[in-house]
Amino acid sequence: MYIIHTYKNDTKMLDFDTSYVNRKANKSNIIKKYQKIVTNIHRKINNKTALGCEMTGWLKPNEVVNQKLISAMIKKAKQWENSNIKHVVIIGIGGSYVGIKAAIDMVLDNDSKMKMHFISNIHPNFISQKVKELTKQKFAIIVISKSGTTLEPAVAFRIFRKLLEENIGSEQTVKFIVAITDSKKGTLHNYAQAKGYTMFPIPDDIGGRYSTLTAVGVFPMILAGINPIKLFKGATKAIDDLSSSNLKINSAFLYAAYRHYFHVVKKFQIENFIVYDPTLLMVGSQWQQLFGESEGKQKHAMYPTYSLFTTDLHALGQYLQDGSRNFIETTLFVENSKNDIKLKIDDNNDGLKYLNQKTLDFINKQAFEGTIAAHSEDGKVNNLLITLSKGDEYHYGYLFIWLAHAAMMSAYLLKVNPFDQPGVESYKKNMFRLLGRK
C-alpha cells in the first residue's frame with residue numbers, strides 16, 4: 001500500500017538562485033528583457049498554436065498515468081515479486097532509459113528492490129557480459145519502444161528474449177515480458193499482442209525525452225521500489241507552480257530566459273551542469289538529453305555537458321577556474337543527504353584533527369560553497385543554482401517537470417520545435433544503408 005506523505009515545505013519544492021551571475025544579468029534585468037516574449041510563447045502553448053505543441057501531453061501527468069494504470073502496473077510488479085524475480089532487463093534507449101535510471105539513482109541511492117540491467121547499448125563487449133551474467137538466471141524483461149523498429153532495442157530484445165526462453169522455457173516467458181509501446185499499432189505492439197505479453201501504453205502526444213512520467217518510467221520505478229503516488233504528487237505540484245508565465249513566479253521559464261541570454265546575447269557556447277552526489281549523475285544525463293535534443297537545431301544552442309564535483313575538480317578544475325570563458329555553470333544541489341558520517345579524530349598524525357566531529361555532509365557543503373564562490377568571484381563564471389531540499393520521489397517528480405518546462409521554453413526562445421529530433425534520423429539512415437536494409 002502506498003501512503004501519500006505531506007511535506008512541511010510543500011510551498012517551495014525547488015529554489016532557483018541567480019545571485020552568482022554578473023551584475024548586468026541580475027534577475028530584474030532578465031525579467032525586464034524577456035517577460036513579454038515569454039508571455040507570448042506561453043499563450044501560444046496554452047492555445048495549442050506553438051510549434052509542436054501536439055506533443056505536450058506530459059503537462060497533464062495525472063491524466064497520462066491514472067489510478068487504473070497505476071493499479072495494473074502495481075499488480076504486475078507484485079506478480080514478478082511473488083515469482084521471486086531478482087533481475088529485470090530494461091531494454092530502451094534515449095528517453096526510454098535515462099529518466100528511469102535518473103529517478104532510481106536519485107531516490108533509492110542505487111538500492112533497488114530488483115537488480116536493474118539497463119540495455120541502452122549494443123556493443124558486443126557490453127552485451128556479452130550481460131548475457132554471461134544472466135545465463136541460467138530467472139529474469140524479467142521490459143522492452144520500451146514506441147514503434148519497435150528502432151534498431152538497438154529491437155536487436156537487444158531478440159537477444160535477451162532468446163536467453164530467457166533458454167533459461168525458463170518458451171512457454172513461461174509470456175509471464176515475464178512487458179512491452180511498453182504504442183497502444184494501437186506498430187511492430188512491437190503487434191508482436192506483443194500476438195505473443196500475449198502484458199502491454200502498457202506510450203501516449204501519442206508525448207515524445208521519448210518527455211516520457212519519464214508515463215508507463216515508460218513509472219513501471220520500472222515501481223519495480224525498483226519507488227512510490228508512484230509521491231512521484232505524481234511532486235509532479236502535480238510543479239505543474240501548479242509553473243502555470244503562470246510571470247518570471248517572478250515561474251523559475252523554470254526564468255532559467256530558460258537566462259540560458260537564452262547567455263547564449264544569444266553573451267555568445268557562450270557551453271553549459272556545464274554540476275552535481276555533487278554520484279547518485280545525481282543520471283539526472284545530469286537526463287538534463288543533457290532534454291536540452292540537447294530539444295534545442296540543438298538550426299546550428300545553434302549551447303552544448304550541454306555535466307560534471308561530478310568534487311571528483312571532476314581534480315581533472316577540470318584548472319580549466320573551469322582559469323580557462324576560456326565560453327561557458328556558464330548550473331549547479332543542482334540537494335541540501336539534505338539521506339546518510340551521513342561523523343568523523344572522530346583523536347590524533348593529528350594525518351593533519352586532520354581540525355575535522356574532528358565534523359560530518360562528511362558538512363565537508364561536502366563547504367566544498368560546494370567554496371567552489372561556487374571561487375568560480376563566480378575569482379573565475380568570473382556565471383553560475384545558476386538549483387536547490388532541492390531532499391532527493392526523494394516527491395522532489396524527483398517536481399524536478400522532472402521543472403526541467404521539462406525549462407527545456408520547452410528554452411527551445412521556443414530559440415524559435416525551434418522542442419519536441420522533434422530530425423538530426424537523429426541522419427545516422428539511422430546511414431546505418432541502415434551500411435547494414436544492407438532495404
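The values are calculated or read from the model by the stated rules, or taken from the named source; none is laboratory data. This one's a predicted model, so the numbers in the text were calculated from it and none came from an experiment. All Cβ positions, even for glycine, are placed from backbone atoms using ideal geometry, and neighbour counts span all protein chains on display. Surface accessibility is based on the protein's heavy atoms, side chains included, excluding ligands, DNA and RNA. Shrake-Rupley method; radii C 1.70, N 1.55, O 1.52, S 1.80 Å.
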Self-check item: Flag if Phe160 is in a helix (DSSP H, G or I) and touching a residue at least 24 places away in the same chain (Cβ under 8 Å)
Solution: yes
Quiz item: Which of the residues that make up region 299-336 are outside any loop (DSSP other than H, G, I, E, B) and open to solvent by less than 20 Å² (accessible area, probe 1.4 Å)?
Solution: Pro304, Ser307, Gly317, Leu320, Phe327, Ile328, Glu329, Thr330, Thr331, Leu332, Phe333
Practice problem: Would you mind stating whether Ser83 is in contact (Cβ under 8 Å) with a residue 24 or more places away in the chain, farther than 22 Å from Ala404 by Cα, open to solvent by 10 Å² or more (accessible area, probe 1.4 Å) and hydroxyl-bearing (Ser, Thr, Tyr)? | Solution: yes
Exercise. For residues that are within 18 Å of His260 (Cβ to Cβ) and not polar (S, T, N, Q), tally how many sit in region 386-415.
Key: 14
Practice problem: Residue by residue through region 260-278, note down the ones that are within 19 Å of Ile30 (Cβ to Cβ), in contact (Cβ under 8 Å) with a residue 60 or more places away in the chain and either assigned to a strand (DSSP E or B) or in contact with a Gly (Cβ under 8 Å, 6 or more places away or on another chain) (or both). | Solution: none
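Looking at region 285-300, which of the residues that are small (Gly, Ala, Ser) and out of contact with any Gly (no Cβ under 8 Å at 6 or more places or on another chain) is farthest from Ala256 (Cα to Cα)?
This residue is Ser285.
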Practice problem: Residue by residue through region 106-136, note down the ones that are among the basic types (Lys, Arg) and assigned to a helix (DSSP H, G or I). | Solution: Lys130, Lys132
Quiz item: Is it true that Ala257 is under 18 Å from the mean Cα position of the chain (by Cα) and either among the aliphatic types (A, V, I, L, M) or in a loop (DSSP other than H, G, I, E, B) (or both)?
Solution: no
Quiz prompt | Answer from Lys338, Lys297, Lys342 - the residue that is over 19 Å from Val107 (Cβ atoms), touching a residue at least 40 places away in the same chain (Cβ under 8 Å) and of a type outside the set (Ser, Thr, Tyr) | solution = Lys297
